[in-house]
Amino acid sequence: MVRRAAAGYTLVEVVVAMAIFGMFLFVLAQLTSEMRSVERRLPVNMHKHPQVIAVLARLRRDVMDATEYKSSHDGYTSSDKVLIVETMINGGLQDVVWDFQTPGEVHRRSYNVGVPVDWVARGLPLTFSALEIDAIKLNPRSKWAARITATDQKGRLAIDTILQPRATE
Amino acid sequence: MAVRAPPTWRKPVGEGANRSFIGRGVYTIARMRDQRGLSIRGDRGFSLVELLVAFLILTLVITMSMAAFVERNKRLQQAGEIILAYQALANEAEYRRRMNYVGLEGEEPSFVSSTEVLAPLAPYATIVSVTQSKPGVKNVLMTIRWRNGQRQARLELVRVDTGGSNLW
């Protein structure tokens with residue numbers, strides 16, 4: 001009897017093995033390419049990033065309770081990288097500066113009876129910004145909204161949120 | 001050809017091996033395998049049934065792994081798309097909330113807010129419909145459809161007639 005190891009494999013066996021292997025390779029290549037195409041198309045989901053969530057939550061509260069946007073305060077000047085709001089807190093008013101000027105960081109400086117208190121979030125997208133503070137101006141009586149945007153590392157818009165001060169009249 | 005345990009298994013070396021429980025145990029198992037002839041298997045190969053069962057199990061495992069992998073990717077993609085869609089819906093709601101109640105039906109039937117964030121979903125369609133559910137109440141339904149209408153995200157806003165002066 002000829003032993004298997006000595007006889008080797010027949011052409012059919014080799015072809016079948018190669019075909020099965022080729023099918024797996026094809027499926028893997030398809031899956032990988034599909035995954036890459038999704039990655040290319042969709043921006044990074046920053047909403048699951050705890051620091052981003054923290055920034056958006058605090059920003060939302062400050063803007064929703066805002067009584068006015070200020071053009072300047074304590075050396076800061078309002079721009080698409082600096083948002084200055086006067087917001088209600090504990091029955092009083094407080095000036096808050098949101099500073100997006102440092103790439104990857106967001107600084108919130110609030111003034112408690114003139115004394116600045118800092119809060120910093122790090123590890124953020126590089127282009128976090130308060131793009132517009134007049135995003136919505138449909139009604140002359142309505143307060144201006146702030147439009148917050150952020151792009152991921154590849155420049156894709158990942159966050160685009162309009163925050164509107166609530167009615168306080 | 002019998003497959004034998006490596007020399008270091010069959011013959012633990014040094015005094016430590018004699019005292020070591022592990023060393024003695026491994027030696028005993030190796031001897032048992034030799035005596036029972038379990039490793040003779042390699043000489044006669046596998047039967048067709050054995051091979052078929054092995055392939056069946058392998059195929060099942062691979063198929064299930066691939067299905068789980070594909071499903072995971074699909075869900076990740078859908079989650080990413082929905083997050084973008086709901087950002088656009090929330091922004092549009094801010095606009096529609098501030099439009100004059102009386103003229104709501106006559107407003108733009110597509111989104112008036114920026115839809116830049118929806119770019120990865122292109123081609124997509126944005127639709128806004130207004131229906132009066134009861135006197136003094138209008139429902140503003142905002143819809144985003146993409147993937148040729150196969151996927152959609154909706155947000156309904158209830159507007160109430162506040163007597164001419166918008167709360168906002």
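The values are calculated or read from the model by the stated rules, or taken from the named source; none is laboratory data. For clarity, every value in this text was computed on a predicted model and none was experimentally measured. Positions of Cβ are backbone-derived with ideal geometry, glycine not excepted, and every protein chain shown enters the neighbour counts.
One residue is enough: does the range A:29-43 have a residue meeting the conditions within 14 Å of chain B (Cβ to nearest Cβ), in a loop (DSSP other than H, G, I, E, B) and crowded, with 17+ Cβ neighbours inside 10 Å? Scanning the range A:29-43 turns up at least one residue that is within 14 Å of chain B (Cβ to nearest Cβ), in a loop (DSSP other than H, G, I, E, B) and crowded, with 17+ Cβ neighbours inside 10 Å. Scanning the range B:108-150 for residues that are closer than 28 Å to A:ALA150 by Cα, of a type in the set (D, E, K, R) and more than 13 Å from every other protein chain (Cβ to nearest Cβ) yields one hit, B:ARG145.
Results for (1) farther than 20 Å from A:ARG166 by Cβ; (2) modelled with pLDDT under 90, shown as yes or no for each residue.
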{"residue": "B:THR115", "(1), (2)": "yes, no"}
{"residue": "B:LEU121", "(1), (2)": "yes, no"}
{"residue": "B:THR126", "(1), (2)": "yes, no"}
{"residue": "B:LYS138", "(1), (2)": "yes, no"}
{"residue": "B:LEU141", "(1), (2)": "yes, no"}
{"residue": "B:TRP146", "(1), (2)": "yes, no"}
{"residue": "B:GLN152", "(1), (2)": "yes, no"}
{"residue": "B:LEU157", "(1), (2)": "no, no"}
{"residue": "B:SER165", "(1), (2)": "no, yes"}
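Taking the range A:92-113 on its own, how many of its residues are among the acidic types (Asp, Glu) and farther than 13 Å from A:VAL55 by Cβ? Final tally of qualifying residues: 1. Quick check, is A:VAL12 among the β-branched types (Val, Ile, Thr), within 14 Å of chain B (Cβ to nearest Cβ) and surrounded by fewer than 17 Cβ atoms within 10 Å (Cβ to Cβ)? Against the criterion (among the β-branched types (Val, Ile, Thr), within 14 Å of chain B (Cβ to nearest Cβ) and surrounded by fewer than 17 Cβ atoms within 10 Å (Cβ to Cβ)), A:VAL12 does not qualify.
The residue list A:MET46, A:MET1 contains one member that is modelled with pLDDT under 85 and surrounded by 11 or more Cβ atoms within 10 Å (Cβ to Cβ), which is A:MET46. A residue that is hydroxyl-bearing (Ser, Thr, Tyr), within 31 Å of the chain's Cα centre (by Cα) and not in a helix (DSSP H, G or I) cannot be found anywhere in the range B:92-105. Within the range B:66-77, being surrounded by 12 or more Cβ atoms within 10 Å (Cβ to Cβ) and more than 8 Å from chain A (Cβ to nearest Cβ) holds for one residue alone: B:LYS74. The single condition among (1) in the same structural domain as A:LYS154 (by TED's automatic domain parsing); (2) of a type in the set (A, V, I, L, M, F, W, C); (3) under 29 Å from B:TYR86 (Cα atoms) that A:MET35 does not meet is (1). Of the residues screened, B:GLU50 is not one that is over 15 Å from B:ARG154 (Cβ atoms), outside any helix (DSSP H, G or I), among the acidic types (Asp, Glu) and more than 8 Å from chain A (Cβ to nearest Cβ).
Is it true that A:VAL120 is of a type in the set (A, V, I, L, M) and surrounded by 15 or more Cβ atoms within 10 Å (Cβ to Cβ)? No: the conditions fail for A:VAL120. Quick one: is B:ILE57 more than 14 Å from every other protein chain (Cβ to nearest Cβ), under 30 Å from A:SER33 (Cα atoms) and either modelled with pLDDT of 85 or more or in contact with a Gly (Cβ under 6 Å, 6 or more places away or on another chain) (or both)? The answer is yes for B:ILE57. In this structure, A:GLU105 does satisfy being in contact with a Leu (Cβ under 9 Å, 6 or more places away or on another chain) and more than 22 Å from B:ASN91 (Cα to Cα). When A:VAL96 is tested against (1) of a type outside the set (S, T, N, Q); (2) in contact (Cβ under 8 Å) with a residue 40 or more places away in the chain; (3) touching a helix residue (DSSP H, G or I) at 6+ places or on another chain (Cβ under 8 Å); (4) not in a loop (DSSP other than H, G, I, E, B), exactly one condition is not met: (2). If only residues of the range B:77-88 that are over 14 Å from the mean Cα position of the chain (by Cα) and farther than 12 Å from B:GLU116 by Cα are counted, the one that is modelled with the lowest pLDDT is B:ILE83.
Pairing each residue of the range A:54-70 that is under 15 Å from A:ILE89 (Cα atoms) with any residue that is aromatic (Phe, Trp, Tyr), provided the two are 6+ apart or on different chains, yields no C-beta distance under 6 Å. Looking only at the range A:40-98, residues that are of a type in the set (S, T, N, Q) and within 17 Å of the chain's Cα centre (by Cα) come to 2 in all.
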